[in-house]
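What follows is a single structure, written as structure tokens, with notes after it.
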Amino acid sequence: MAKSKEQNGRITIKGELTIYTVAELKESLLAKLLTNDELVLDLSAVDEFDAAGLQLLIVIKRGAMALGRVFKITQHSPAVLNLLNLAGLTSLLGDSMLITPEIILEENLA
Amino acid sequence: MIPDEYLQTFVIESKELLEQMEEALLKVEQAPDDPEIINAIFRAAHTIKGSAGMFGLDHIVTFTHAAESVLDKVRSGDIAINSVLVASLIEAHDYLKVLVEHVAKGMSPSSEIDEYGKRLISQLETYLDKTKESESNPLTVVTPNANVEPVQTDVVGTDYWHLSLRFGVDVFRNGMDPFSFVRCLASHGTIVQLVTIIDAIPAAEDMDPESCYLGFEISLQSNEDKRTIENVFNFVRDDCSIRILPPHSKISEYQDLIHELPEQEMRLGEILVSCGTLTPEELESVLHFQSQCDEALQQPIGEVLVEQKMVSPPVIEAALKKQEQVKENKKAEANLIRVDAEKLDELINLVGELIIAGAGTNLIARRANMPDLIESTATLSRLVEEVRDSALALRMVQIGGTFNRFQRVVRDVSKELGKDIELIISGAETELDKTVVEKIGDPLTHLVRNSMDHGIESAEVRLSRGKPVKGSLKLNAYHDAGSIVIEVSDDGGGLNKEKILNKAIERNLVAEGANLTDKEIYNLIFEAGFSTAETVSNLSGRGVGMDVVRRNIQALRGTVDIESQEGLGSTIRIRLPLTLAIIDGFMVGVGNTVFVIPLDMVVECIELKAWTNDERDGQCLNLRGEVLPYRRLRDYLNTQGEQGQRENVVVVRYGDHKAGLVVDKLMGEFQTVIKPLGKLFQGEKGIGGFTILGNGDVALIVDVPSLMNQIEHEKAVEEMTVSRASRSYAEVI
């Protein structure tokens, strides 16, 4: 099971970021997003990552944009990087830069 | 990594699927042209393969894949069903069952089993080889027609396949990961470009993280044929939209692709270009063609296809029908939920307690003499009764599933014995308690085998007796007086009374010269250590079994008896209570003791004096011209206490027999929760259990079947003595 350790706008996800954990994580991440201007997600300890996890990251990223908050993903673990590469979404979720709507659009098409 | 409960679900589901598969396999021999049956077999194999894949059970996947490939060929009509093929498919089914058993026990199969599996696979593969030649034109999706307009024959220049995937929302819930298909695809070629379509993901608040909203546009370089690539998506074909375009497809097909996909046309076109599937020029021509079409008429896609001579109307009709069927199937599935049997037991337990508590309240209300309260407790008890009935109904299952399993038994055993035997099933929709169904399987199997082995004669004997060569075995079930009756009948030789009696005497089961009725003689075969078969086959004939059968049935509070006609066959009749937990009871008083008689068995109540006037306390009374044996419960159960003013007779019926039980007091209906007797009292004849009354008192439940047996026995013995006596009297004369 994934455990998230929270610390002022920084969440570390451990273990699985998969279909088994996304429901729980979605709630906690969204809640966190509402109370913090900047949310940093540390994925260094994620050893399992699947399409459901990927979807969740996309949703949170978009949610942050809509709210005008900053959402950064750092320390991608190999499991995460692997899937991002396969999905061709490294540019969307691959670094911790601030994403604006325009950039997302372009990246989708790229 | 996989939680045990999921694996458990896999095992349960696989077993169910295997059962369906077996059922279908047995049917398919009779109806080789029914596409539904073949589809059922295919679906079962397919689903097992899919879920086995999820759990990484590669040996099951490999094996099922081989079976599935053959089935697929059958489905498409490339291979015709014949008995040899069915036999090997049944073998494959058995092997799968073994594999699933292994999974259930958490073991991996031994090398021996592995070897066997490999042999089966190669056996199945011989079917595939036969059809390889007929499969040599795999690439074409739509064969260009001579009438097709030139613009449509324009092909794009790309050497790559193009795959458009939109996954269904339930993909995750079905345990699949879209990326696993991508990885699988990568093993069939090189993925040139993959674009993940995330447009369908809704905003955070509307998004269910366990639903899948993803799609892929993939451009693939591969030398495989279309079927191979399609097969990658076997597991998700049902709930995903998958479009596969081979290299050099026609522009019109890309136009359709773009038209059909949910995303905006421009955006899709650009994705196609970015995938390297289309050049920008080609895209332009596609979009141009598209707009032309749009102007022409907004036709449904089906009609467009037909007009362009791509698909013929019958094909579309068939496809639509198929879609509807699939939808209906899904609906039916969705209406079922799986519940842990323990939860049901708990519910029934609680309902039992509720009934007892309700009876208590009722009693207090009566004592307090408050009409309002009495009325409301009456309503309450009616509701509780309904709750009870529906709680019990939850546990009811149709016996058909159990019966159908015997198709296989009959098929196998008749092959083994070299007899031609047909199984006829009736009353499959009769419902009974699930626990009973589970426990009746083994005894039934034994009876069925026994009938086939000993009952039905060999073909030569049958011919010489003027019977049809094909023997028939019937399984029948029906409800009767609060119990369910299951019959196993055969049209074989019937039981040989002489032989049974001689054997019984030889085995010291009865004394020589004992007076036995026909029924008693037949029932001797249920005694321990009894067997009359001259040859011991590996099915039956060892003398163990029939006594076990009877014990098992008795443990379910049931009875078993035999009816037989020499030369014509015999019928074994099992009578079981519908449920093991709660019954409607009829309360009677004898002295100070309260007894409960199952209401289903009560026919009527009469006053003893009004119907009989014999002072010598005869054993029978004349009930409207019918001889009714009666007994005093007081004498039977040794009850103490003052005798009542008026004696009443409760007429009970069990099976074909009626009898009267004389009691002091009739106390009316009572919902009875059956509690089993403690070990100390279990041997007690005539008492089936006890229950707790509303005032906390204990009432005993009368075991009508066993009482009835006793009465019947006495009566039969008496009759025989009478007939003997009259015979010897006649001889003297």
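The values are calculated or read from the model by the stated rules, or taken from the named source; none is laboratory data. All values reported here derive from a predicted model rather than from experimental measurement. As a convention, Cβ positions derive from the backbone with ideal geometry for all residues, glycine included, and neighbour counts pool all protein chains shown. Just so you know, the surface numbers come from the protein's heavy atoms only, side chains and all, with ligands and any DNA or RNA stripped out. Shrake-Rupley method; radii C 1.70, N 1.55, O 1.52, S 1.80 Å.
A few points about this structure:
- Rolling a 1.4 Å probe over the protein heavy atoms leaves B:S564 with an accessible area of roughly 20 Å².
- Computed log₁₀ I(q)/I(0) - Debye formula, equal Cα scatterers, no solvent, region B:4-135, q 0.16 Å⁻¹: -0.76
- Cα centroid separation, region B:686-718 to region B:552-609: 9 Å.
- Members of region B:205-226 that become less accessible by 10 Å² or more once partner protein chains are added (1.4 angstrom probe, chain alone as reference): B:M207, B:P209, B:E210, B:L214
- The share of Cα pairs per 10 Å bin across region B:176-221, counted from zero up to the longest distance, runs 24, 45, 23, 7 percent.
- Ranked by the mean number of other Cβ atoms within 10 Å of their residues, highest first, the peptides B:657-667, B:21-31, B:514-524 come out as B:657-667, B:21-31, B:514-524.
- Amide N of region A:38-52 lying under 18 Å from the label point, which is placed 7 angstrom from the Cα of A:L81 along Cα→Cβ: A:41-50
- Chain A packed on chain B takes about 2200 Å² of accessible surface away from a 1.4 Å probe, both sides summed.
- P(r) histogram, all alpha-carbon pairs of region B:333-456 included - 10 Å bins from 0, percent: 11, 27, 22, 17, 13, 7, 3, 0
- Quotient of Cα Rg and 2.2 N^0.38 Å for region B:397-577, N being how many residues it contains: 1.01
- In Å², nearest 10: area of B:S111 left accessible to a 1.4 Å probe: 90 Å²
- With a threshold of 23 Å on the Cα-Cα distance, the over-threshold entries among B:K49/B:K343; B:K439/B:K474; B:K27/B:K73; B:K15/B:K434; B:K519/B:K609 are B:K49/B:K343; B:K519/B:K609.
- Near B:Y630, the amide H atoms lying under 5 Å from its own belong to B:C620, B:L621, B:G660; only residues 5 or more places off or on other chains count, and H is placed 1.01 Å from N.
- Relative to the Cα centre, the charge distribution of region B:341-395, modelled as +1 at Lys and Arg Cβ and -1 at Asp and Glu Cβ, gives a dipole magnitude of about 180 debye.
- Per residue accessible area of region B:341-395, 1.4 Å probe, in Å²: 66 Å²
- Trypsin sites (Lys or Arg not before Pro) within region A:1-91: DSSP coil, no more than 14 neighbouring Cβ in 10 Å: none
- Solvent-accessible ranking of B:W161, B:W611, largest area first, probe 1.4 Å: B:W611, B:W161
- Loop trypsin sites (Lys or Arg not before Pro), region B:388-470 (other Cβ atoms within 10 Å of the site Cβ: 15 or fewer; DSSP): B:R465, B:K470
- Per-residue Karplus couplings for region B:454-469, computed as 6.51 cos²θ - 1.76 cosθ + 1.60 with θ equal to phi - 60°, are listed in order as 9, x, 7, 7, 6, 3, 5, 4, 4, 4, 5, 8, x, 9, x, 4 Hz, Gly and Pro entered as x.
- Cut-off under 5 Å, modelled amide H: who pairs with B:I81 long-range: none
- With 10 Å bins from 0: P(r) over region B:582-717, alpha-carbon pairs, percent: 12, 45, 35, 8, 0
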